[in-house]
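Input: a single structure, listed below in structure tokens.
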Amino acid sequence: MKKNYTILLILLFMAAGCLKDPDPGPSIPFSSGSYINLYNFLTESYDVAWEINDVIVESEHPYGTAILEFIEIDEELQDVTFTAKESESTRVIDSEVYEMEQNQFYTVSILGNEKDPYIILESMELEKPSLGMVKLRFIHTTLELEPVDLYIGGHTPEHKVVSGVSFAQITEYLEATQEDLWESIIVTPVNVSPEDSSILSYSANNVFLANNIYLGVIGRATNSASSSIQLQLYNQPVN
């Protein structure tokens, strides 16, 4: 049986103030630190509190939202500890140490649930896409969902752009025309044709803009593990 779920597209624009403005302090040059986008995709009923190197940077981070933060980094390469806690009780959910570079942009995401949590870090590419193109990548945040394939612009094999994306995996950046993205984005179980089964199918949209970069999140609509699987889109910075 062919399954189709309604897709939710959430556009978060840093320029529109939807992301928390960084607070690097007075006159701190960018070269003394790095910016991160914090994402919360933990399927639990509570908000998340974040600590970076034992300093609280966010006490109430709701599910499905992005928050921009600045991290001071004193050396060219430095270990940074990210700790996610339950917002109200400050009980530790997960903690990870990652090596970070100065003068970089990163995404830091928590996903899974409190029994099986994951904090993952990935650097961002800020270079503009080819002229007239859209640059994007995808992250699979649904613990219960098997690996998936992605199709852009159609449902035939030549439209498959990524294969076998597993939970907690972020794809490489890819480029597509806005017309193909407006035509359709289809997510299927791995090695399954869209004609047979689709997890997500979205068409006739005009939300993608050329010369922009996006992060597409395949995840739950809400922090409930029983909510529908949807696609959320987040604007990424562009040089």
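The values are calculated or read from the model by the stated rules, or taken from the named source; none is laboratory data. This structure is a prediction, so every number in the text was calculated from the model and none was measured. Methodologically, a virtual Cβ is constructed for each residue, glycine included, from the backbone with ideal geometry; neighbour enumeration extends over all protein chains shown. Ligands, DNA and RNA are stripped out before the accessible areas are found, and what is left, the full protein with its side chains, is counted by its heavy atoms. Shrake-Rupley method; radii C 1.70, N 1.55, O 1.52, S 1.80 Å.
Just for segment 54-68: of the residues that are over 20 Å from Tyr118 (Cβ atoms) and not small (Gly, Ala, Ser), which one is least open to solvent (accessible area, probe 1.4 Å)? Among those that are over 20 Å from Tyr118 (Cβ atoms) and not small (Gly, Ala, Ser), it is Leu68. In segment 188-206 there is no residue matching the filter, namely being open to solvent by 10 Å² or more (accessible area, probe 1.4 Å), within 24 Å of Ala49 (Cα to Cα), not in a strand (DSSP E or B) and not basic (Lys, Arg). Output the residues belonging to segment 103-122 that are of a type outside the set (A, V, I, L, M, F, W, C), free of Cβ contacts under 8 Å to residues at least 40 places away in the same chain and either buried (at least 19 other Cβ atoms within 10 Å of the Cβ) or touching an Asp or Glu at 6+ places or on another chain (Cβ under 8 Å) (or both). Once the filter is applied, which keeps residues that are of a type outside the set (A, V, I, L, M, F, W, C), free of Cβ contacts under 8 Å to residues at least 40 places away in the same chain and either buried (at least 19 other Cβ atoms within 10 Å of the Cβ) or touching an Asp or Glu at 6+ places or on another chain (Cβ under 8 Å) (or both), segment 103-122 yields nothing. A residue that is at pLDDT 50 or above and farther than 19 Å from Met124 by Cα can be found somewhere in segment 21-43. When you scan segment 70-86, how many residues do you find that are modelled with pLDDT of 95 or more, of a type outside the set (Phe, Trp, Tyr) and either in contact with a helix residue (DSSP H, G or I) (Cβ under 9 Å, 6 or more places away or on another chain) or open to solvent by less than 30 Å² (accessible area, probe 1.4 Å) (or both)? Going through segment 70-86 one residue at a time, the tally reaches 3. Of all residue pairs spaced 6 or more apart or on separate chains, those with beta-carbon atoms under 6 Å, a first member in segment 209-224 that is more than 20 Å from Pro147 (Cα to Cα) and in a strand (DSSP E or B) and a second member that is open to solvent by 10 Å² or more (accessible area, probe 1.4 Å) and not polar (S, T, N, Q) are Ile213/Lys135; Ile213/Val238.
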